[in-house]
Structures are given as C-alpha cells and as structure tokens.
Amino acid sequence: MGKFTLVPRKLVVRRSSAGLGLYTQEPIAKGACIIEYKGRVLSKEEEETITSQYLFEVSKTVTIDGKDRSNTARYINHSHRPNCEIEIYKGHVYVMARRAIKAGEELSYDYGKEFYNEYIKPKGCKCAKCRPELHAVSTA
C-alpha cells in the first residue's frame with residue numbers, strides 16, 4: 001500500500017472541548033493516512049465572497065470548501081500539540097498520523113497561524129496545550 005492509501009477507519013464525531021471533534025475508536029500507526037478532507041472546489045469569485053470557515057487552500061489556484069457534513073474530516077479540531085498533520089498530494093488533502101494515536105483519542109492538527117489569529121485566538125484556544133484543565137482525565 002502507498003503512503004496515501006485510505007483504509008476504512010473507525011472514527012466517531014462527538015462532543016469535545018471545542019464543540020464537536022473527531023475521535024478514533026482504534027489505534028492508528030504513525031505515518032498512516034487517516035482520512036481525506038473533501039469539499040467542493042470553489043471558483044475564484046466564490047473564494048473572495050464565501051464566509052465558510054471550512055476552506056482549505058490546496059494550491060494557489062484551488063481552494064475547497066469542506067463545510068458539507070459528509071466531510072467527516074471537518075470535525076478535526078486545531079491543536080498546538082497535534083497528533084495529525086496535513087499532506088497535499090495530487091490535489092487531495094490527506095490527514096496523516098504524526099505519531100501513534102491511541103483508541104479513544106481526539107484527532108487534531110495545527111490550522112496554521114493565519115486561521116488561528118483570525119478565528120481561534122479571539123475566542124480563546126481550547127487545545128490541550130492552551131487549556132489543559134479542559135482535557136484532564138478524571139480518575140474518580
């Protein structure tokens with residue numbers, strides 16, 4: 001299998017510290033391709049006027065809008081200590097495991113400085129690095 005081979009994963013959307021998040025129900029090996037971020041390719045005119053927060057710039061000429069709920073990857077939240085990273089290959093956006101991920105973990109990647117400064121920072125980042133109290137595991 002190649003680096004960007006997608007195999008069906010047991011993923012579930014559920015509540016997280018940042019609203020909804022995407023969690024794995026099975027272990028994922030470091031370097032594994034987890035899911036593809038999918039969406040409608042926008043025209044240049046749409047790119048300038050659309051208000052969606054699910055835009056992904058694939059290249060200088062291609063941006064996709066991943067707001068449709070069928071794009072399960074849209075539920076992956078931002079983190080300053082992500083367990084995933086993005087790789088763009090042949091016009092596709094893939095979410096890859098940065099490290100081994102345990103069953104039950106929320107998937108996350110770094111959204112980048114521009115998105116962070118515009119959308120996340122004003123509301124306050126809720127990732128585990130910035131708000132560890134939101135991610136503490138109860139032992140009671």
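Looking across region 116-127 at every residue that is in contact (Cβ under 8 Å) with a residue 40 or more places away in the chain and in a helix (DSSP H, G or I), the one that is surrounded by the fewest Cβ atoms within 10 Å (Cβ to Cβ) is identified as Tyr119. Residue check: Glu45 meets all listed conditions (1) in a loop (DSSP other than H, G, I, E, B); (2) over 27 Å from Pro122 (Cβ atoms) but one, namely (1).
The set of residues in region 55-80 that are of a type in the set (Ser, Thr, Tyr), free of Cβ contacts under 8 Å to residues at least 60 places away in the same chain and outside any loop (DSSP other than H, G, I, E, B) contains only Thr63.
What about Ser52, is it farther than 19 Å from Lys3 by Cβ, without any contact (Cβ under 8 Å) to a residue 60 or more places away in the chain, assigned to a loop (DSSP other than H, G, I, E, B) and touching a strand residue (DSSP E or B) at 6+ places or on another chain (Cβ under 7 Å)? When the stated conditions are applied, Ser52 passes them. Name every residue in region 8-25 that is in a loop (DSSP other than H, G, I, E, B) and touching a residue at least 24 places away in the same chain (Cβ under 8 Å), in order of residue number. Hits for region 8-25 are Arg9, Ser17, Ala18, Gln25.
Here is a yes/no grid of residues against (1) among the basic types (Lys, Arg); (2) closer than 21 Å to Lys67 by Cα; (3) modelled with pLDDT of 95 or more:
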position: Thr5; (1), (2), (3): no, no, no
position: Pro8; (1), (2), (3): no, no, no
position: Leu11; (1), (2), (3): no, yes, yes
position: Ser17; (1), (2), (3): no, yes, no
position: Thr24; (1), (2), (3): no, yes, yes
position: Ala29; (1), (2), (3): no, no, yes
position: Ile34; (1), (2), (3): no, yes, yes
position: Glu46; (1), (2), (3): no, yes, no
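For region 81-102, the set of residues classified as without any contact (Cβ under 8 Å) to a residue 60 or more places away in the chain, over 18 Å from Val12 (Cβ atoms) and surrounded by 13 or more Cβ atoms within 10 Å (Cβ to Cβ) consists of Pro82, Glu85, Ile86, Ile88, Val93, listed by residue number.
Within region 92-111, the set of residues being assigned to a loop (DSSP other than H, G, I, E, B), out of contact with any Pro (no Cβ under 8 Å at 6 or more places or on another chain) and either at pLDDT below 90 or among the acidic types (Asp, Glu) (or both) comprises just one member, Glu105.
The values are calculated or read from the model by the stated rules, or taken from the named source; none is laboratory data. Model, not experiment: these values are computed from the prediction. In this analysis, Cβ positions are derived from the backbone assuming ideal geometry, glycine residues included, and neighbour counts consider all displayed protein chains.
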